[in-house]
1. Hey, can you grab everything whose amide H is under 5 Å from the amide H of F629? Only 5+ residues off in sequence or another chain; H modelled, so Pro and N-termini drop out.
2. Rounded to the nearest 20 debye, what is the charge dipole size of the chain about its Cα centre when +1 sits on each Lys and Arg Cβ and -1 on each Asp and Glu Cβ?
3. Give me the accessible area of D564, 1.4 Å probe, in Å² rounded to the nearest 10.
4. Could you grab the Rg to Rh ratio for the chain? Cα atoms only, Kirkwood for Rh.
5. Spelling out what I want: for every residue of the range 178-189, take phi, set θ = phi - 60°, compute 6.51 cos²θ - 1.76 cosθ + 1.60 (Karplus), and round to whole Hz; glycine and proline get x.
6. Determine ³J(HN,Hα), in whole Hz, for all residues of the range 300-307 in sequence, where each value follows from phi through the Karplus function 6.51 cos²θ - 1.76 cosθ + 1.60 and θ = phi - 60°; x replaces Gly and Pro.
7. I need the P(r) histogram for the range 216-366: all alpha carbon pairs, bin width 5 Å from 0 out to the longest distance, whole percents.
8. Restricted to Cα positions, what overall size does the range 274-357 have along the principal axes? Three whole-Å values, descending.
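The values are calculated or read from the model by the stated rules, or taken from the named source; none is laboratory data. Keep in mind that this is a model prediction, so the values were computed, not measured. Positions of Cβ are backbone-derived with ideal geometry, glycine not excepted, and every protein chain shown enters the neighbour counts. All accessible areas refer to the heavy atoms of the entire protein, side chains included, with ligands and DNA or RNA removed. Shrake-Rupley method; radii C 1.70, N 1.55, O 1.52, S 1.80 Å.
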Amino acid sequence: MIRNRVLPSCSLLVASLLIAAQAQEQASTPPQSIVANLDAGKVGDPISGYDYGMFIEHLGNIINHGLWSEMLDDRKFYFPVDSAPEKEPAGNPMRARFMKLKKWRPIGPDEFVVMDRDHAYVGEQSPEIKLEGGTTHGIQQSGLALRKGKGYAGRIVLAGSPQAQVNVSLVWGPDAKDRQTIPLHALHSAYATFPLKFTAPADTDDGRLEITGTGTGSFHVGAVSLMPADNVHGFRADTTALLRQLDSGFYRLPGGNYISGYDWRDAIGDPDKRPPTWDFAWNVMQPNDVGMDEFMELCRILKVDPYITVNAGYGDDRSAADQVEYMNGSVRTHMGALRAANGHPEPYHVKYWNVGNEPYGNWQLGRTALRYFLIKHNAFVKAMRKVDPSIVIIASGAMPDQMTVTNSARRATGKTQAEYGTDGDWTGGLLDKSWGYFEGISDHWYCYSGKRFDWEAGKDNPFLYDQNPFTSVDESLVDWARRPSNRVREKAEAWEEYKKRFPAIEDKKIFLAIDEWAESGMPPNMKLAVSYAMVMHEMFRHTHFITMGAFTFATSTLDFNATDAIYNTTGLMFKLYREHYGTLPVEVTGNSPQPAPKWPVGGDQPAANAGSPTYPLDVTAALTADRKFLTVAVANPTASAQRIDLKVQGVQLAGKSKTWQMAGHGEDAANLLGQKPQVEIVAAELPEVPATLSVPPVSITIYELPVR
């Protein structure tokens with residue numbers, strides 16, 4: 001048992017690692033001629049298509065606006081309809097833009113719009129609009145992006161007095177003629193659904209939908225929807241077309257922090273009857289329009305496999321088991337029959353299931369201590385496997401690096417640095433107490449641009465539970481680019497320790513899913529793309545246990561607005577590797593090792609820096625599945641052109657070669673909507689296999705070399 005083992009103290013461990021690092025430290029200047037030795041006779045476990053996976057969650061409007069086609073916010077009227085000023089979302093500006101919702105406003109005085117809680121169509125209230133003869137009263141929502149010649153389709157749910165005359169208008173300009181109006185008559189006391197269809201003859205980013213009435217009595221609006229007519233089963237045609245081309249393997253959904261307060265049952269069945277709810281994780285309203293059936297449709301559209309996270313925060317094991325049955329059960333089961341009644345008779349056969357999200361974090365709803373969560377995890381898995389024994393369970397872990405940098409170890413043990421075998425080692429707890437209740441373990445990491453973990457700020461002080469233990473750091477371009485891949489390297493170092501403590505990891509082929517990862521606080525540009533390429537390289541070096549990766553977020557590969565989308569540099573990086581890099585990793589050695597760590601080991605600093613021994617370049621290589629080509633990827637995280645000599649053994653190379661390269665005018669080169677792309681993937685042919693590779697500054701290049 002872990003807790004009965006004698007462990008070295010954290011300070012002694014760090015001191016010994018620092019002494020070793022100082023003894024090995026070399027000058028950061030690489031040799032005059034950098035050499036990469038590629039041994040195609042030493043092939044690792046295949047690179048899984050799941051290494052290119054994506055993560056997506058209902059963080060504000062990332063799904064509702066980025067993927068889903070709905071143009072109207074609060075379409076089921078969670079908020080009151082009044083003329084009060086909109087409140088700006090709290091939090092950092094980059095995140096706040098995902099939280100902002102368009103508001104419904106009265107047309108006419110506020111007192112003619114009443115939020116009726118006694119006759120609500122869905123949720124807790126529906127607006128009732130009082131009428132007074134020929135004077136127009138109603139509600140409107142502005143800020144709609146309309147494009148000339150484009151069709152828009154939707155529906156509205158109404159109830160009202162027979163004498164009420166209701167008009168629904170799409171408006172694109174200030175003049176009386178700048179609108180298309182659909183009259184709706186013969187209302188009844190019972191709610192009924194009416195179709196809507198419009199065509200916009202002009203461009204505007206501030207169109208609006210008006211719902212007005214004249215006559216006597218009143219009318220209620222239960223729900224209203226408006227989408228571009230070219231939507232793909234409710235999803236945006238533009239963003240999904242781009243994401244499909246990335247061939248991401250799988251999507252992890254629906255959360256994320258969001259999952260800890262999510263009730264999946266609120267988001268099935270008739271979308272207009274799904275109640276809007278408050279998301280306490282992100283403090284924003286969610287309409288519940290995109291639920292489990294829609295997620296499966298999204299996966300079908302994108303041609304990826306689903307990986308579902310269940311609510312182990314406020315959720316319980318029975319709810320999780322019912323969710324498995326809804327997704328995978330036959331129509332003869334209770335939940336399978338419900339799925340069929342909702343229009344989906346065939347089971348989805350979802351294979352991968354994740355129990356909870358970051359349960360170690362104090363930011364999670366329903367968080368509990370490790371020893372109690374282990375009981376919960378095991379109960380969840382028992383219930384879920386009873387429904388479908390074939391599912392693959394991925395437990396929510398956190399290795400010492402993640403527990404340290406999130407302050408979670410300090411909250412659990414009072415010590416800044418997580419120690420193996422303590423409550424500051426969440427993954428170790430799972431391996432110790434939940435053996436047999438998972439096939440894989442999940443771990444997350446995020447980096448913060450220009451910041452590093454600060455030992456002094458978080459030095460074993462139990463009173464600093466909520467202090468952010470990071471400090472700004474002035475780094476070279478190479479060090480900045482390496483910081484994210486160092487987090488992957490830390491997972492590899494920890495895995496070696498776990499293998500010593502739990503040898504059955506190897507026998508049972510337990511795998512790691514890094515199913516959330518990203519750099520925070522940095523706009524997508526060429527510099528970030530090179531850093532992300534180095535992350536992929538580090539995962540490729542450890543394919544024997546890293547078999548799944550999910551980038552945060554899928555939509556972060558795009559630059560998009562309400563009507564258009566393009567790949568940003570992150571999207572181009574994923575596209576480059578997925579389309580042109582091999583699948584059988586080969587050993588890469590070299591004559592220029594990565595320099596020893598500059599910062600204390602622990603937190604976000606591994607004992608050995610990530611990267612290949614070809615400093616300052618990072619090189620990986622892989623054979624294609626048919627072994628007809630050797631692909632070589634070179635990331636150059638420096639501001640100068642670099643050259644590297646190739647020495648290949650294990651195969652013979654000959655013939656014309658190909659290259660695909662990403663580079664821009666500098667590290668800040670970016671792709672932005674409405675501007676000429678500053679970064680593209682440029683293909684070229686070489687007359688023969690090159691002995692020396694030349695790469696431009698801040699670039700990513702993949703070479704395809706034919707095997708004789």
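1. T624, V707
2. So the dipole magnitude of the chain works out to roughly 1020 debye.
3. Its heavy atoms expose roughly 70 Å² to the probe.
4. Values: Rg = 27.8 Å, Rh = 27.5 Å.
Rg/Rh for the chain comes to 1.01.
5. 7, 7, 10, 10, 10, x, 10, 10, 6, 6, 10, 5
6. 5, 4, 7, 6, 10, 8, x, 9
7. For the range 216-366, the binned pair fractions read 2, 9, 16, 19, 20, 17, 10, 4, 2, 1, 1, 0 percent.
8. So the extents along the principal axes, rounded to whole Å, are 37, 29, 25.
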